[in-house]
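Here the structure is laid out as structure tokens; the discussion comes afterwards.
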Amino acid sequence: MSTIAAISTAPGIGGIGIIRMSGENCFEILEKIFKPKKYQNIDEIKGYTIKYGNIVDNKEIVDEVLVSYFKAPKSYTSENMCEINSHGGIVIMNKILDLCIKNGANLAEPGEFTKRAFLNGRLDLSQAEAVIDVINAKTDKEAKISLEQLQGNLSEKISKIRKMIISIMADIEATIDYPEYDLEEVTSSKILNVLDEADKLLESLEKSFYNGKILREGINTAIIGRPNAGKSSLLNVILNEERAIVTDIEGTTRDTIEEYISVDGVPLKIIDTAGIRNSNDAVEKIGVEKAIEIAKKSDIIIAIFDSNKNLNDEDKEILKMLENKNAIIILNKIDLERKINIEEIEKLGKPVVEMSTKTREGIDRLYQEISSLFKLKEIANDGETIVSNVRHKNIIINARKNLNIARDTIRKNMPIDIISTYMKEILEELGKITGETVTEDVISEIFSKFCLGK
């Protein structure tokens, strides 16, 4: 493979920047542009060591750097690799990258370093996909399950299931190859037991996707209520900053404001919406329609009411929206006199939290109710392997479909070679998770989502 190079640190100005190279000619290219303070032949330099010196262009010093050496196969890509640790200026990093390319390296494609790690057998495909999940993790728990997948947690489970099926395939092939022996009855019973056990394992992984989706995408949380009920104030309290404009003028919020917070290690996507009321203002009307649509699509609604006011028809319409939804009702402004009819609100059977966005009283109770509603403390706390990738979930569903068809063919006493066909389909599907049976198009699509330099 050609030698590739890219800037691996995020765009912008920082204390240091890293330019990464990988490939057969990596050290030859490096020697042309790096002058260490103490010269050593590359054969004398050990892997996992760092040398200090200067990057030069026609004997002119470009930057003072540290260079990390990684020798094949003990590197991220399993190839010869180096990482040039320069100062973090955009101009400096681009200059060093240009020198690498001028001296024989190719600019790496997005995710190409990790793709090489996969192609060279250091990572399987599910581990490679976990790299981007670790980078994009929004909470500690999401980072934890991504790191577990990177370390091979999911791969081990899939490998175990595939080995079970491969083992039973040997019995099937023996029955097909030696029909004169009466093996079919024994084999059929054995196959059913193996398929039942495999299905339990796959079902557990499929069910884990609900928790995985929550950890990866977060819980879509819509804040709704009448104008001036305290929606924007609640958002500011949750974020602990003045994110939304708060005024006494009704209808200040006309569009949505979206932010992420973490509750018990799970991301919540908080969406502050326009106050819901009848309005003749064209712009505000659009905002109200958008608020209602967001509420319908949300995982949970936080409906906030002004406890200093009686319920009106608009409040009652909001209460109707909560009937078939996960919802928490907030009675705001408890620092003022209560006028709201709490009995009418409690009829819905939804958790009710009394709060003052002015004093922050009640905010911890709100977090407790959200955590309880989704059982957030139980997610990723018991060592469970969690599937968080939609591609993996769909593959598991397809594998289970073929598995169930295989069981039906056995129960219907169909020929053993037909059963074998569906068994092979199960293996084919599960191999797509680890990359053993995946197509080049799928591989390219997966790595195209990576950032440059990773």
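The values are calculated or read from the model by the stated rules, or taken from the named source; none is laboratory data. Note that the structure is a prediction, hence the values are computed from the model and not measured. Neighbour counts are summed over all protein chains in view; Cβ atoms, including those assigned to glycine, are modelled from backbone coordinates with ideal geometry.
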Subject >> Where Glu428 falls short, out of the listed (1) farther than 19 Å from Leu154 by Cβ; (2) without any contact (Cβ under 8 Å) to a residue 40 or more places away in the chain >> reply: (1)
**OP:** Spot the failing condition for Ile418; the list is (1) surrounded by 17 or more Cβ atoms within 10 Å (Cβ to Cβ); (2) at pLDDT below 90, and only one is missed.
**Re:** (1)
**OP:** Could you run through segment 24-63 and say how many residues are surrounded by 13 or more Cβ atoms within 10 Å (Cβ to Cβ) and touching a Gly at 6+ places or on another chain (Cβ under 9 Å)?
**Re:** 8
Original post:
Across segment 20-73, what is the number of residues that are part of a strand (DSSP E or B), free of Cβ contacts under 8 Å to residues at least 12 places away in the same chain and of a type in the set (Lys, Arg)?
Top reply: 0
Original post:
In segment 145-178, which residue that is out of contact with any helix residue (DSSP H, G or I) (no Cβ under 9 Å at 6 or more places or on another chain) and either outside the structural domain of Ala406 (by TED's automatic domain parsing) or modelled with pLDDT under 90 (or both) is farthest from Glu425 (Cα to Cα)?
Top reply: Tyr178
**OP:** Six or more apart or on different chains, Cβ under 6 Å: which pairs go from a residue in segment 132-158 that's of a type in the set (D, E, K, R) to one that's crowded, with 18+ Cβ neighbours inside 10 Å and assigned to a helix (DSSP H, G or I)? Could you list them?
**Re:** Asp133/Ser146; Lys141/Leu215; Glu142/Leu215
Subject >> Residues of segment 110-130 satisfying the condition of being assigned to a helix (DSSP H, G or I), closer than 17 Å to Ala6 by Cα and within 18 Å of the chain's Cα centre (by Cα) >> reply: Thr114
**OP:** Tell me, yes or no, whether segment 19-37 has at least one residue that is hydroxyl-bearing (Ser, Thr, Tyr) and farther than 20 Å from Asn94 by Cβ.
**Re:** no
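Given the criteria within 26 Å of Ile261 (Cβ to Cβ), of a type in the set (S, T, N, Q) and out of contact with any His (no Cβ under 6 Å at 6 or more places or on another chain), does Ser155 qualify? Write out each step before concluding.
On the way: within 26 Å of Ile261 (Cβ to Cβ): no; of a type in the set (S, T, N, Q): yes; out of contact with any His (no Cβ under 6 Å at 6 or more places or on another chain): yes.
Spelling it out, it is not the case that Ser155 is within 26 Å of Ile261 (Cβ to Cβ), of a type in the set (S, T, N, Q) and out of contact with any His (no Cβ under 6 Å at 6 or more places or on another chain).
Based on what the data block shows, is Thr439 at pLDDT 85 or above, under 27 Å from Gly212 (Cβ atoms) and touching a Ser or Thr at 6+ places or on another chain (Cβ under 7 Å)?
Here the answer is no, as Thr439 does not meet what is asked.
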**OP:** Search segment 406-425 for residues being touching a residue at least 12 places away in the same chain (Cβ under 8 Å) and among the hydrophobic types (A, V, I, L, M, F, W, C), and hand back the single one that is nearest to Pro110 (Cα to Cα).
**Re:** Met423
Original post:
Restricting attention to segment 4-13, which residues are surrounded by 14 or more Cβ atoms within 10 Å (Cβ to Cβ) and farther than 12 Å from Cys100 by Cβ?
Top reply: Ser8, Thr9
**OP:** Among the residues of segment 196-207, write down those that are over 11 Å from Ile397 (Cα atoms) and buried (at least 22 other Cβ atoms within 10 Å of the Cβ).
**Re:** Ala198
